[in-house]
Amino acid sequence: MRLLFYQSKSVICSQLRKLHTKSSILECPIEKIKNIGIFAHIDAGKTTTTERMLFYSGVLDRTGEVHKGDTVMDYMEQERTRGITIVSAAITFPWLNHRVNLIDTPGHVDFTIEVERALCVLDGGICILDASAGVQAQTVTVWSQASRHSVPYIFYLNKMDKPNANVDLCLSTIQKKLRANPLLTQIPLSLHGQFNGFIDLINKSVHTWGQDPSGRSFESTTLSEQMHGEIFEKAMKERNNLIESICDIDDTLSDCVIERFSIEDTTPEEINKALKRVTLARTGVPVFCGSSYKNMGVQPLLDAVTKYLPNPVERGRDYSKPFDNHMCAMTFKIIHDKHKGPLTFFRVFSGELKQNQRVHNLTRDGTTKLMKVMVPFADEYVEVPHVSNGNIAIVSGLKGVTTGDILTSSQSAFHYAQKHLLKSEGEVRREFFVGPSVPDPVFFSSIEASSLSEQKALETALECIKLEDPTLKVKYDQETGQTVLGGMGELHLEIIKDRLEKEHKCHVNLGPMQVAYREYIMDCGRKKYEYNKVVGSTKIRVTIDLSISQLDYPGDKNEIQVVKEKENLDNITRITPTTMSAIKDGIEMGLSMGPRSGSPLSGVKVGLQWFEAPSRTSEIAISAAASQCITQLLREVGTGLLEPVMAVELVLDNEFSHRVLGDLSKRRATDLDISQILDSKVLHFFQILPFFQGKVDYPS
């Protein structure tokens, strides 16, 4: 028997942090870097798990609690008040001679953009499940996002201390809902009905907690038939099942087992290597157990991060050779600090990001100079002279940059990369040179300053928040004279209002929430329109002919095309690119507000049949002509209203099921599917918004 103590490691790590962790950060080879994120459904324990990781690695002297509002990662006032994560937070800490760059992400659907842009720069992830609930609604969303970015995952079954924790439920929901292949590496143990540790199937050992309340140390014993009796037989059976499951998806381990004609003789080293291969290939997901709140199982989880999740080289995201070792980095997050101004978060893909370095913005074709370079510790930042390839860095005072921009220290290096790395529109181009996918707003609300004297401050504050949050849309309604906010949900817009008042000191009034509808055309049509206007002594005349029809495959996007026929070929070919751009801007402006409800048009194809205007006609006049033409055409063909439909999962106690089902039938819920998980009913259905209209008097 041996006791595993992490106290000495914590003391060393605390000393490193006091020295700004320069030795571990600046000299860490790229093979020892782990860029990981923590993802889960709301209230699964992401922030609590992160807090324990920081505590055991020595970054923190004590652990904070979400319900007390004193965690390091939830540093915003709104997060601590509501007990939820709103924005992703990054932090760096050492573990087992590795540098771990960790991003803690929100679990609420309103803030899913934080998950999306984190996945653009991460090499691996930990998906946390509530052991009593299994895979939940937001878990499915996060998993689909990770699949688009091909991010390898490991699973952590948290809250194993709950009486209704169920490992089999978690494994079955991973298979059914995520279509993934779970590989259980640990069997939970209990003492007097309370979770107190687990059996490590790979190393055939037993880990138990209890002597140290902080969880810094735990007891580890070798699994043996003499000491553990029935548990030994169950553990060996599960170990054999684990090896068989890995052999089904990994030929290397399968060949080793066949050669020796024995599963029992498979070594821990062989299993670990096979688990890493299947994790990187995303053909299997290792599953671990623990209870972060009770300080059990977090250290082995960190060990698994270093063993199974990839470094930048293994992920294939080391671009040193294509960029000839010149610096190349991508922005993935921008925040505003009261004292430091705008702070831009980068993932470095090649070379070194240095202070006072002049860089070229490949996305916006501009040149700028980097100021201070820092590494993140949640809402604290440690200044360093440079950050190496594969790491996450922060730069202060950078302007003219938005999320998804690519910066490099040499423009010639970019051309080199285009020639050698980006031969076609392949995976690398999509993954590396395109930022996160920003979803369209779901809810709208008008906003106004409490007085005219605060209007300018409100506009400035909204610009700052828009830069931080790409999902926030701000537009000015010409008809009503109101400023309208578009967001991902009611909570999202409430948080924006709260931030405006507390962070930017703007007293604002928020109007009632409105659902984001779409309009569609009822018929096809065509219109020739003449735009006549006199400006000073100049008479402006623009003639434009547009046609409109439905797309063959309707969706949220619209299509604008030039119709080339024998009758109009000479006319169309004379249109310059500048004029064509102005025409498209006018058409898009007209399609952004339909005649029925003022909502954007969806699934529309617009064709340019004819255009005629003097050579010196301004672009504004051309856009106005196109916009007015499409507006009148929409009135003639008529439009219908498209209501948004949401896929909803509702979990509730059995005693409330009849009342809820009766209420849902009044709210136009369709395709209702009911299943049972332990003592709870799970309802899956499609709901036409708006959903919660009227009073809901049952627990949700």
* Is it the case that region 347-357 has a residue that's aromatic (Phe, Trp, Tyr), in a helix (DSSP H, G or I) and touching a helix residue (DSSP H, G or I) at 6+ places or on another chain (Cβ under 8 Å)? -> no
* To do: Hey, can you tell me all the residues within region 98-122 that are buried (at least 24 other Cβ atoms within 10 Å of the Cβ), outside any helix (DSSP H, G or I) and not polar (S, T, N, Q)?
  => Arg99, Leu102, Ile103, Asp104, Pro106, Gly107, Val121, Leu122
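Matching residues to (1) within 29 Å of Arg277 (Cβ to Cβ); (2) among the hydrophobic types (A, V, I, L, M, F, W, C); (3) under 32 Å from the mean Cα position of the chain (by Cα):
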position: Ser205; (1), (2), (3): yes, no, no
position: Thr208; (1), (2), (3): no, no, no
position: Glu244; (1), (2), (3): yes, no, no
position: Cys256; (1), (2), (3): yes, yes, no
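Output the number of residues of region 651-665 satisfying the condition of being assigned to a helix (DSSP H, G or I) and within 34 Å of the chain's Cα centre (by Cα).
So in region 651-665, the residues assigned to a helix (DSSP H, G or I) come out as 654-665.
With the extra rule that they be within 34 Å of the chain's Cα centre (by Cα), the set shrinks to 654, 656-657, 660-661, 663-665.
Total satisfying the criteria: 8.
In the set Thr267, Thr185, Thr208, Thr252, which member is at pLDDT 90 or above and open to solvent by 60 Å² or more (accessible area, probe 1.4 Å)?
On the way: Thr267 fails: open to solvent by 60 Å² or more (accessible area, probe 1.4 Å); Thr185 fails: open to solvent by 60 Å² or more (accessible area, probe 1.4 Å); Thr208 fails: open to solvent by 60 Å² or more (accessible area, probe 1.4 Å).
Just a single option satisfies the conditions, and that option is Thr252.
Okay, residues lined up against (1) touching a strand residue (DSSP E or B) at 6+ places or on another chain (Cβ under 6 Å); (2) closer than 25 Å to Gly316 by Cβ; (3) modelled with pLDDT of 90 or more:
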| site | (1), (2), (3) |
| --- | --- |
| Arg80 | no, no, no |
| Ala89 | yes, no, no |
| Gly124 | yes, yes, yes |
| Ile128 | yes, no, yes |
| Ser132 | no, no, yes |
* So which of Val604, Val648 ends up being under 28 Å from the mean Cα position of the chain (by Cα) and either more than 28 Å from Ile572 (Cα to Cα) or in contact (Cβ under 8 Å) with a residue 12 or more places away in the chain (or both)? -> Val648
* Structure fact -> With criteria (1) surrounded by 14 or more Cβ atoms within 10 Å (Cβ to Cβ); (2) polar (S, T, N, Q); (3) closer than 23 Å to Tyr529 by Cβ, Ser657 comes up short on (3)
* Asked: Just a yes or no: is a residue in region 500-508 in a helix (DSSP H, G or I) and surrounded by fewer than 18 Cβ atoms within 10 Å (Cβ to Cβ)?
  -> yes
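Mind checking which residues of region 230-244 are of a type in the set (S, T, N, Q) and open to solvent by 40 Å² or more (accessible area, probe 1.4 Å)?
Taking region 230-244 and keeping what is of a type in the set (S, T, N, Q), we get 240-241.
Within region 230-244, just Asn241 meets the criteria.
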* Taking interchain pairs and intrachain pairs at least six residues apart, which have beta carbon atoms under 8 angstrom, with the first residue in region 625-637 and without any contact (Cβ under 8 Å) to a residue 60 or more places away in the chain and the second open to solvent by less than 10 Å² (accessible area, probe 1.4 Å)? -> Ser627/Gly586; Ser627/Ile587; Ser627/Gly590; Thr631/Gly590
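Residues are listed down the side, and each one gets a yes or a no for (1) closer than 23 Å to Ile243 by Cα; (2) among the charged types (D, E, K, R):
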| position | (1), (2) |
| --- | --- |
| Cys127 | yes, no |
| Ser132 | no, no |
| Pro152 | yes, no |
| Ser172 | yes, no |
| Arg179 | yes, yes |
* Output for region 270-296, where each listed residue is small (Gly, Ala, Ser) and either within 30 Å of Arg62 (Cβ to Cβ) or surrounded by fewer than 16 Cβ atoms within 10 Å (Cβ to Cβ) (or both) -> Ala281, Gly290, Ser291, Ser292
* Asked: When region 656-685 is examined, which residues are found to be within 26 Å of Leu171 (Cα to Cα) and of a type in the set (Lys, Arg)?
  -> Lys681
* Could you tell me which of the residues Phe332, Phe349 is aromatic (Phe, Trp, Tyr), within 30 Å of Glu503 (Cα to Cα) and crowded, with 21+ Cβ neighbours inside 10 Å? => Phe332
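Looking only at helices (runs of 4 or more DSSP H) that fall completely inside region 545-649, which ones have 2 or more residues that are open to solvent by 60 Å² or more (accessible area, probe 1.4 Å) and at pLDDT 90 or above? Give the derivation first.
On the way: elements: 569-573, 577-591, 619-637.
Where helices (runs of 4 or more DSSP H) fall fully within region 545-649 and carry at least 2 residues being open to solvent by 60 Å² or more (accessible area, probe 1.4 Å) and at pLDDT 90 or above, they are 577-591, 619-637.
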* To do: Looking for whichever is among the aliphatic types (A, V, I, L, M), within 25 Å of the chain's Cα centre (by Cα), outside any strand (DSSP E or B) and farther than 25 Å from Leu242 by Cβ here; the options are Val305, Val313. Which one fits?
  => Val313
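The values are calculated or read from the model by the stated rules, or taken from the named source; none is laboratory data. This is a predicted model, so every value here is computed, not measured. Note that each Cβ is placed from the backbone with ideal geometry, even for glycine, and that neighbours are counted across all protein chains shown. When the accessible area is computed, the model is the full protein with side chains, heavy atoms only, and any ligands, DNA or RNA have been set aside. Shrake-Rupley method; radii C 1.70, N 1.55, O 1.52, S 1.80 Å.
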